[in-house]
């Protein structure tokens, strides 16, 4: 019989698993820049592997903002603050992604969401006094559109979206 772990330990363990899986998924295509603290909804900053340009160039590189979640059970819901998903004009951020993970060992699954997909598919709610999008596991389980079935295609999608990201807005968030 498995030992019942305290809730705080389960949350920490799931967070660690989610971030480790996210890094393993992203490292094949992107440089992963880490912050020492999780602020502004960014667990990971990613950058396309571009060596010919530097961060002060007008054209490149843009950074991707990645929030990582882990669904520990079918009853789990995660909340993403509205200001992480939207610009001030309520349009979807073009540089924000959510990677959600579920399952253990041989049954691990990864789901990817862009800010635009969050806006179109999930509802806003009041979560602990903050306006946030509610992402219930049941939505992912029912809809396979978010499931990563090909890492290459999912990474292509992220990379292409970062190429199109608005440079000025991207830098405003980062600085």
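Is it the case, given these coordinates, that residue 154 is surrounded by 14 or more Cβ atoms within 10 Å (Cβ to Cβ), without any contact (Cβ under 8 Å) to a residue 40 or more places away in the chain and farther than 26 Å from residue 7 by Cβ? Considered against the rule, which asks whether it is surrounded by 14 or more Cβ atoms within 10 Å (Cβ to Cβ), without any contact (Cβ under 8 Å) to a residue 40 or more places away in the chain and farther than 26 Å from residue 7 by Cβ, residue 154 comes out as no. Does region 1-9 contain any residue that is touching a strand residue (DSSP E or B) at 6+ places or on another chain (Cβ under 9 Å), at pLDDT below 95 and not in a strand (DSSP E or B)? No - not one qualifying residue is present in region 1-9.
Return yes when residue 149 is surrounded by fewer than 20 Cβ atoms within 10 Å (Cβ to Cβ) and free of Cβ contacts under 8 Å to residues at least 24 places away in the same chain and no when it is not. Here the answer is yes, as residue 149 does meet what is asked.
A single member of 111, 140 is touching a helix residue (DSSP H, G or I) at 6+ places or on another chain (Cβ under 8 Å), touching a residue at least 12 places away in the same chain (Cβ under 8 Å), surrounded by 15 or more Cβ atoms within 10 Å (Cβ to Cβ) and not in a helix (DSSP H, G or I), and it is 111. Here residue 163 fulfils each of the conditions (1) exposed (fewer than 15 other Cβ atoms within 10 Å of the Cβ); (2) at pLDDT below 85; (3) farther than 27 Å from residue 74 by Cα apart from (2).
Among the conditions (1) farther than 25 Å from residue 29 by Cα; (2) at pLDDT below 95, residue 124 misses just one, which is (2). Do we find a residue being at pLDDT 90 or above and touching a helix residue (DSSP H, G or I) at 6+ places or on another chain (Cβ under 6 Å) anywhere in region 14-22? No, region 14-22 contains no residue that is at pLDDT 90 or above and touching a helix residue (DSSP H, G or I) at 6+ places or on another chain (Cβ under 6 Å).
The values are calculated or read from the model by the stated rules, or taken from the named source; none is laboratory data. This structure is a prediction, so every number in the text was calculated from the model and none was measured. Virtual Cβ from ideal backbone geometry, glycine too; neighbours counted across all protein chains shown.
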